[in-house]
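The values are calculated or read from the model by the stated rules, or taken from the named source; none is laboratory data. Quick caveat: nothing in here was measured; it's all calculated off a predicted structure. FYI the Cβ positions are ideal-geometry reconstructions off the backbone, even for glycines, and counts take in every protein chain you see.
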């Protein structure tokens, strides 16, 4: 009987600890979320991979104006702020973000792998540091914590182990994180875990370039009652779930429908959706039309690339148009985060197997098959109660 009572007490303490992680009445946070800006003011930047890189600066200027007009409680940026970490780009972006801060809107930033291509840790800290209002900072990395509207944001430096492409926390950073989670639970403050690399979305891979690699991270977050992670890196909008833990992956505003995330959190739960940037209102004259024309041209170029692959693979001409159309549909749904809504229709297409087979040896096939048959959750919206 004594052992039974002891077990009940331990379970009760555990459950009470989790309950303390829930927000108290009065918590209310309205946030705008942006990831992978890849900002650059370089007029000669390559547009071979992302055509909108040519409009990176103008798009970022419009984004800044829209954020100021929307007046959120916080602007959250989850890494890859610049395309290469070049000092001139970092300085120009900081000047834009300073306009946001001067309007009383806090700016919270995580690091990203592209941020250190041409930048050291000290340069990052010196350039972006004045933007950040930190309550406490990890002595061994650029991770820091700040509380806004009753919510503690842990802005993590997930390249802290080597400042490389992989998402890995050092042992010291993991200990700092655990301490922050313990404190937040004691104080009954809900936590938003922010990182560049994903926590749940995308499979773990040997190259360690998609997800954070620390094995105990998910268990630690669940243990301390964290319910929501925000990340980026994948350039597509996704959401993921593992038990009580959810993740929102923000896509880059440079591609797809050029969207940003809108997050509302209060004591009842979380509501999130995406919206296109209002480039007509906040962009300079002609920007909306220029980017629309660029998007159309990019789709045309993509079609030409895939048409060439199908011809190279000797796909019968009568099947090429159907396969090409299906492939373009796939990319559209994947970029906007709605692949899960269309996966069955894609798989049931008479051209699906032919598409996968024709593209298999060009890296696209295995990736398209994996995403279509195991699609990520809808990336355009997420709601859950505490």
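Details
- When residues in region 243-266 are screened for being touching a residue at least 40 places away in the same chain (Cβ under 8 Å) and either on the phi > 0 side of the Ramachandran plot or assigned to a strand (DSSP E or B) (or both), 15 of them pass.
- Pick from region 102-135, criterion outside any helix (DSSP H, G or I) and in contact (Cβ under 8 Å) with a residue 60 or more places away in the chain, ranking: farthest from the chain's Cα centre (by Cα): 108
- Qualifying position, being within 11 Å of residue 131 (Cα to Cα), in a helix (DSSP H, G or I) and touching a residue at least 24 places away in the same chain (Cβ under 8 Å), among 58, 99: 99
- Residue check for residue 93: assigned to a strand (DSSP E or B) and either buried (at least 18 other Cβ atoms within 10 Å of the Cβ) or in contact with a strand residue (DSSP E or B) (Cβ under 7 Å, 6 or more places away or on another chain) (or both): no
- Cβ-Cβ distances below 9 Å connect the following pairs, each with a first residue in region 303-322 that is more than 12 Å from residue 359 (Cβ to Cβ), a second residue that is assigned to a helix (DSSP H, G or I) and modelled with pLDDT under 95, and a separation of six or more residues or different chains: 311/317.
- Any chance residue 277 is assigned by TED's automatic domain parsing to the domain that holds residue 179 and closer than 30 Å to residue 185 by Cβ: no
- Criterion applied to 300, 318 was being part of a helix (DSSP H, G or I), farther than 20 Å from residue 50 by Cα and either over 22 Å from the mean Cα position of the chain (by Cα) or at pLDDT below 95 (or both), and the one residue passing it is 318.
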